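First comes the structure, then the notes that go with it.
The values are calculated or read from the model by the stated rules, or taken from the named source; none is laboratory data. Just so it is clear, the structure is predicted and the values come from calculations on it, not from any experiment. Every residue, glycine as well, gets a Cβ built from its backbone with ideal geometry; the counts of neighbours run over all protein chains shown. Side chains are part of the model used for accessible areas, which takes the heavy atoms of the whole protein and leaves out ligands, DNA and RNA. Shrake-Rupley method; radii C 1.70, N 1.55, O 1.52, S 1.80 Å.
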Amino acid sequence: MTLLQIAFKNISRDKHTYFSYFISSTVTILLFYLFTAAAMHPNLNKIQDGSTLALALGAGNFIIYVFAFLFIGYSSWAFLGSRGRQLGIYTILGMSPKQMKKMLFGENMLIGISSLIAGLISGVLFSGLFFKLIRNIFVTVSFEIYLPVFPLLITIGLFLAMFLIISFITPCFISHKKVLWFLKSDKSYAENIEMSAGKIFLSVILLGMTICIMHPQVGNRLGDLWTYSVFLCVIGFIFLAVPQIGAVYAKIRKCSENHLKGVNLFADSEVSTALKENGHMMSLNAVLLTMSFLAICALGSMQSNVIEDVEHITPFAYTYIERPENMRAGRDISYLDKELLSDRSIQKISYVILRKKFTYGFLSESDFNKILSAKGKEAVNLGKHDVLILPGNSNTDIDKLSIREEAEQLLDTISVSEITVRPHKQIVSISGGFQEVYVLDDKSWETLYQKNAEGFYPEAYTGYEDPEWLNHLSKADELEKTLAHDDVDYDYTYAFTTLGNYYNTESLMRKLCTFVGFSVSLIFLIASISLIYFRLYTSLEREQKKYDSMYKLGFSQKEMYQTIRCKIQVLLWIPFITAILIMWAGVLYIDSQSAVSSFGISIKYSSIFIVVYFIFYHFVNSIYRRKFGEKI
């Protein structure tokens, strides 16, 4: 019998154990192929925003491939580690390390090639449905089925290379081990995870570092390293904290009053052993669930808050900005009046901001009240020494706004001193156009304007408030095209923006992020389920022997099922609860940095997660109990 035949028989005899490895690989290849086929669709060049869609799908492919490489590599390594006794027997029978490498290489390649074939066949079959889904989500046309030669070649080439590398590297970790190590491999897990005050302290330190890094001032200093720092701290915290949470839980159970009552002594011992054996699996499961839950909540809330977020970007539905030396403002505004003011519900507002380039500006009280009136808000009344400070960015915390020293000194030159500063959340320009805007009483503003201070220039705004702007997206698109800038000879003396354009752009980007994010989250969830299935199934035979012995000593079937339930509860719910808590920490942080809350949608998603996971727990528990009942 050849080594390849042995590898094939190993797979066919133990097909249930290989199932999770095969399914997770197949689904990953399926999604990668579908994304590649969509990103390389020939009609993308013919539709608006086609390049954006292709880039988003390409980014999703990159994430899928990197994750697949790491997860499949880990699964292959963990699977080999669980087969210690079998590999030890092969060693006793005379199999050399070189022959073992070849056999394991053949097994991995057979599974990999089978997954590749299954994934590609599924991808070809589901490509029509996938293209239809994209067409419905992004409202694109002519996104039809085509012959995807290049996507097929790319998918085959990349995943074949990945399986070759994994199949070559993973056997090297165990092929040199001695026979004794293989025969004791089942017991090695139970010795490497214990309750440790040092690890608990270190996990608290990492948690504190994460909270510190998420502070805006620290985040600004870290710059581009902020995301990586938070990610590493959270991952480190999970891998340290989850096993210790399990160890603490096992210790509490042993110290309880009911520890010696009934079957609790045996159940507590089983829970403790299960936690020690599966600490790393639980940590990885918590990471996968955290990424899935946080991505779904964050992306889902983004999609539901598009209108609210867009309305914080610019003050009016249509805004024309005129700067010095502009020679076309009269013609442009006349055109806008003609196109828009025929609708009596649309209101025109004109005002001037005295601007300091790239930093701040001054607005008069009367102009600000015109803006507030158009917005249906209460007017303000300012004295000579009163100053309102407005945010230049919609995400700015207005309670932290303060007048800058340079502006205060300038006001002092026009006899405006001992001022009283109050914040106001109304924006008066495109978000990000100013750092802040100060509102003065009319007389002080006029004095400042006549002063003609160095570095200041008037920026004239003409806004059109349209309460039905969402129903006039085609009009916004028409106006944008008419007043569009020349890409070659850009005219910096004017700017024209519409809420409709921001809405279309923001909606497309969020749909892309949500679509890609949900697809990647699906892979994370499948990987999480694969981990649980793999770990429970590989330990099933050993557990059956142990419970069979306990059954012969007088344990009832009900008591054994109670013990199994306690063990599965711990293995499934500790990672889930950890993931939910970290998800909510992330949601609350995002809310603190955003103008629109995602609290409500996160409550809905959390409820769905809990219900679905509760059903999944009962399904796993019933299947595991049934498997035990077959041989006891």
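Taken across the range 427-435, residues that are surrounded by fewer than 19 Cβ atoms within 10 Å (Cβ to Cβ) and in contact with a Phe, Trp or Tyr (Cβ under 6 Å, 6 or more places away or on another chain) do occur, with at least one present. Taking the range 320-338 as the range and being open to solvent by 10 Å² or more (accessible area, probe 1.4 Å), at pLDDT 90 or above and either in contact with a strand residue (DSSP E or B) (Cβ under 7 Å, 6 or more places away or on another chain) or more than 16 Å from Ala484 (Cβ to Cβ) (or both) as the test, the residues that pass are Glu322, Ile333, Ser334, Asp337, Lys338. Against the criterion of being modelled with pLDDT of 80 or more and in contact with a helix residue (DSSP H, G or I) (Cβ under 8 Å, 6 or more places away or on another chain), Glu270 does not qualify.
You will find that of Leu522, Leu581, the residue that is closer than 27 Å to Lys15 by Cα and either open to solvent by 40 Å² or more (accessible area, probe 1.4 Å) or at pLDDT below 75 (or both) is Leu522 and no other. All conditions but one from (1) acidic (Asp, Glu); (2) more than 40 Å from the chain's Cα centre (by Cα); (3) at pLDDT 90 or above apply to Glu378; the one that does not is (2).
Within the range 416-426, count every residue that is assigned to a loop (DSSP other than H, G, I, E, B) and open to solvent by less than 70 Å² (accessible area, probe 1.4 Å). So the count comes out to 5. Only residues that are assigned to a helix (DSSP H, G or I) and either modelled with pLDDT under 75 or not polar (S, T, N, Q) (or both) were counted in the range 92-144, giving 36. When Lys384, Lys356 are checked against the criterion of being touching a Gly at 6+ places or on another chain (Cβ under 7 Å) and basic (Lys, Arg), a single residue qualifies: Lys356. Applying the criterion of being within 17 Å of Arg404 (Cβ to Cβ) and not in a strand (DSSP E or B) to the residues of the range 445-458, the residue that is least open to solvent (accessible area, probe 1.4 Å) is Leu448.
Candidates in the range 459-490 are the residues that are at pLDDT below 90, small (Gly, Ala, Ser) and in contact with a helix residue (DSSP H, G or I) (Cβ under 9 Å, 6 or more places away or on another chain); of these, the one that is least open to solvent (accessible area, probe 1.4 Å) is Ala476.
The one condition from (1) out of contact with any Leu (no Cβ under 7 Å at 6 or more places or on another chain); (2) open to solvent by less than 30 Å² (accessible area, probe 1.4 Å) that Ala317 does not meet is (1). Contact map, the range 357-369: residues that are touching a residue at least 60 places away in the same chain (Cβ under 8 Å) paired with residues that are open to solvent by 30 Å² or more (accessible area, probe 1.4 Å) and of a type in the set (Lys, Arg), Cβ distance under 9 Å, separation 6+ or inter-chain. Pairs shown: Thr359/Arg404; Tyr360/Arg404; Phe362/Lys356. Going by the conditions given, is Tyr360 at pLDDT 90 or above, crowded, with 18+ Cβ neighbours inside 10 Å, closer than 27 Å to Ser592 by Cβ and in contact with a strand residue (DSSP E or B) (Cβ under 8 Å, 6 or more places away or on another chain)? So Tyr360 passes the test.
The condition of being of a type in the set (Lys, Arg), free of Cβ contacts under 8 Å to residues at least 60 places away in the same chain and either farther than 22 Å from Pro324 by Cβ or in contact with a Gly (Cβ under 6 Å, 6 or more places away or on another chain) (or both) does not hold for Lys451. Picking from residues in the range 146-161 that are within 30 Å of the chain's Cα centre (by Cα) and modelled with pLDDT under 90, the one that is most open to solvent (accessible area, probe 1.4 Å) is Phe150.
Among the residues of the range 538-558, those identified as open to solvent by less than 60 Å² (accessible area, probe 1.4 Å) and touching a residue at least 24 places away in the same chain (Cβ under 8 Å) are Thr538, Ser539, Leu540, Glu543, Gln544, Tyr547, Asp548, Met550, Phe555.
In the set (1) more than 22 Å from Thr482 (Cβ to Cβ); (2) part of a loop (DSSP other than H, G, I, E, B), the condition left unmet by Thr314 is number (1). Taking each residue of the range 214-241 that is free of Cβ contacts under 8 Å to residues at least 24 places away in the same chain and looking for partners that are part of a loop (DSSP other than H, G, I, E, B) and open to solvent by less than 70 Å² (accessible area, probe 1.4 Å) with beta-carbon atoms closer than 8 Å, six or more apart or interchain, yields Val230/Met214. Within the range 18-52, the set of residues being over 18 Å from Tyr146 (Cα atoms) and either at pLDDT below 70 or among the charged types (D, E, K, R) (or both) comprises Gln48, Asp49, Ser51, Thr52.
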